[in-house]
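Comments concern the structure below.
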Amino acid sequence: MKPIDVYARVSELKRDQQREPSTEGQVEVCRVRLVDLGLPVGKVLVDLDRSAWNPDVKREAWDELMDRLESGISGGAIMFDLERLTRQPKDGERIIDQADRGLLILDSESEYDLTTPNGKKAFRDAINAAAYYSDRLSTRVKRGLRRRAMSGLPTGPSRRFGFEEDRITIREDEAEIIHEMTQRMLAGEVQERLLDDLNRRGILTRDGNQWGRTTLRQLLTRPINCGRITKIDRKTGEAVLLGRLPGEPIVTEEDFDRLCALYASHRRGRPNSPTYLCSGIAICGAPGCGNPLHGRLRKDLRTYPDGSVRRNYWCSPANKGCGKTLIDQRALDEAAEALVAEILSDPRNSAAIETAAREIASEAARLDLEIAEAEDVAEALADRLGRGEIPLTRYDVAVRPLDARIEKLKAERAALSAPGFAPVPPRLLAATREQWQRRWDAADHKERRDLLKMALRGKHLVIAPVEHGPGSTEQAEITRRIRIE
């Protein structure tokens with residue numbers, strides 16, 4: 001006779017509660033039974049922490065067992081009890097389909113002859129009973145969670161940032177951080193600046209780690225921040241409101257909905273970091289490449305003299321780059337600053353008319369971007385209203401000032417003259433290098449990028465790969481590697 005494979009499984013919940021033998025214990029019981037029956041022992045297959053009821057859970061050992069049964073390698077299977085094998089009737093029917101080959105299905109006490117009607121009935125009855133037990137248990141758990149949520153009690157196994165161990169009482173110092181970050185995001189600060197500030201101040205996550213993009217976004221978009229207790233519907237992926245926390249929430253529902261809409265409106269590839277001046281402007285100069293350079297942290301290198309983490313611009317393979325070109329972020333940004341002052345103060349550069357025209361064009365581009373961002377937020381709010389995630393009253397509160405801002409931005413945009421015919425401000429006609437430098441020093445990140453684009457006039461900073469060793473940040477080396485194309 002062909003060998004009988006041994007299958008063992010335990011779910012995480014059951015294992016923690018120790019209501020059943022471990023997988024080692026299940027395997028030992030099955031081996032003893034096979035010896036008593038004089039049957040050969042096949043392959044031992046074990047699934048740890050795997051549900052047999054949830055169809056979305058992949059069980060590698062189960063899949064291998066079925067492959068062996070269906071290919072005829074093994075003559076059957078034995079498990080501690082049948083519910084270890086499956087709690088899905090469709091899985092049972094899959095096994096019955098192989099019954100004509102005389103498969104033998106055993107557990108620690110019973111034997112199922114799938115070649116006979118009585119054996120098939122007993123097998124189906126056992127699996128249906130296991131499925132019924134799982135369905136009923138799931139219903140009871142959901143009912144308990146909903147009852148808890150409707151009573152204002154959150155669910156979940158561990159403490160959340162902003163709350164005490166009971167997951168209800170607000171921890172004031174952490175709640176203040178959540179409120180501060182929410183308000184600063186709504187005021188227009190970019191996420192990178194918030195991350196730098198949090199990590200510079202030594203504020204850590206609940207697990208004692210530094211903040212990253214994902215952890216901050218997850219923190220600020222938790223419904224519990226505005227008092228909502230929700231669960232995600234597994235079928236639709238939508239959040240279902242179960243209840244509300246007692247007392248005042250950390251942030252208002254209006255601010256929370258606006259922030260979620262703001263995150264939803266962000267587009268991939270849109271510059272969002274004030275750290276990298278040359279992002280999207282510097283490109284790789286390796287032969288045949290030409291991809292944009294992307295910023296990245298370099299915690300593996302020594303820090304800057306002020307203690308900040310070192311950063312590079314890099315032709316990242318993750319963004320279809322060649323991986324051959326990297327350059328120190330601060331050194332390149334300083335070189336770009338020098339280029340701006342030198343180019344814009346040079347009278348041979350068609351001086352004021354073209355410069356002024358580009359200044360107007362830059363302002364028009366800024367307004368276009370702000371209008372697009374505001375309209376994205378409005379569309380995201382409308383989408384959430386259409387899906388029933390926010391009521392009409394909260395939608396009206398959020399969208400009314402947004403509509404007013406869009407109209408104001410459009411009016412400013414329409415007031416701009418065509419760039420080619422814009423009047424030239426007299427102060428730009430004979431601006432010196434020192435005047436341009438003062439303007440640069442007083443500018444914010446956005447204005448500095450505009451000045452850099454104005455100086456380049458649609459061209460790029462092309463960065464040649466390093467030649468005499470990676471990590472060089474000598475200014476002479478940096479300058480030699482830059483060309484404008």
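The table for this structure:
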{"quantity": "Selection count where residues are loosely packed, with under 15 Cβ neighbours inside 10 Å and assigned to a loop (DSSP other than H, G, I, E, B), scope segment 274-300", "calculated": "4"}
{"quantity": "Tabulated pairs, segment 340-352, first farther than 8 Å from Arg433 by Cα and in a loop (DSSP other than H, G, I, E, B), second modelled with pLDDT of 65 or more and open to solvent by less than 40 Å² (accessible area, probe 1.4 Å), C-beta under 7 angstrom, 6+ apart or interchain", "calculated": "Asn349/Ile343"}
{"quantity": "Tally of residues being under 21 Å from Ser308 (Cβ atoms) and in contact (Cβ under 8 Å) with a residue 12 or more places away in the chain across segment 211-231", "calculated": "4"}
{"quantity": "Answer residue from segment 301-322, given it is in a loop (DSSP other than H, G, I, E, B) and open to solvent by less than 30 Å² (accessible area, probe 1.4 Å) and is farthest from Ala443 (Cα to Cα) among those", "calculated": "Gly321"}
{"quantity": "Inter-residue pairs, beta-carbon under 7 Å, first over 23 Å from Gly295 (Cα atoms) and open to solvent by 30 Å² or more (accessible area, probe 1.4 Å) and in segment 177-204, second assigned to a loop (DSSP other than H, G, I, E, B) and among the small types (Gly, Ala, Ser), 6+ apart", "calculated": "none"}
{"quantity": "Among the candidates Ala336, Ala356, Ala352, Ala398, residue that is among the hydrophobic types (A, V, I, L, M, F, W, C), under 30 Å from Arg483 (Cβ atoms), out of contact with any Pro (no Cβ under 7 Å at 6 or more places or on another chain) and modelled with pLDDT under 80", "calculated": "Ala352"}
{"quantity": "Matching entry among Leu409, Leu428 (being in contact with a helix residue (DSSP H, G or I) (Cβ under 9 Å, 6 or more places away or on another chain), open to solvent by less than 80 Å² (accessible area, probe 1.4 Å) and at pLDDT 80 or above)", "calculated": "Leu409"}
{"quantity": "Test for Glu370: is it modelled with pLDDT of 80 or more, assigned to a helix (DSSP H, G or I), in contact with a helix residue (DSSP H, G or I) (Cβ under 6 Å, 6 or more places away or on another chain) and acidic (Asp, Glu)", "calculated": "yes"}
{"quantity": "Which listed residue, of Val41, Val57, Val46, is at pLDDT below 85 and of a type in the set (Val, Ile, Thr)", "calculated": "Val57"}
{"quantity": "Single residue of Lys459, Lys453 found to be at pLDDT 75 or above, closer than 18 Å to Leu277 by Cα and not in a helix (DSSP H, G or I)", "calculated": "Lys459"}
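The values are calculated or read from the model by the stated rules, or taken from the named source; none is laboratory data. Since we're looking at a predicted model, the values are computed, not measured. In this analysis, Cβ positions are derived from the backbone assuming ideal geometry, glycine residues included, and neighbour counts consider all displayed protein chains. Accessible surface is based on the protein model in full, side chains and every heavy atom, while ligands, DNA and RNA are left aside. Shrake-Rupley method; radii C 1.70, N 1.55, O 1.52, S 1.80 Å.
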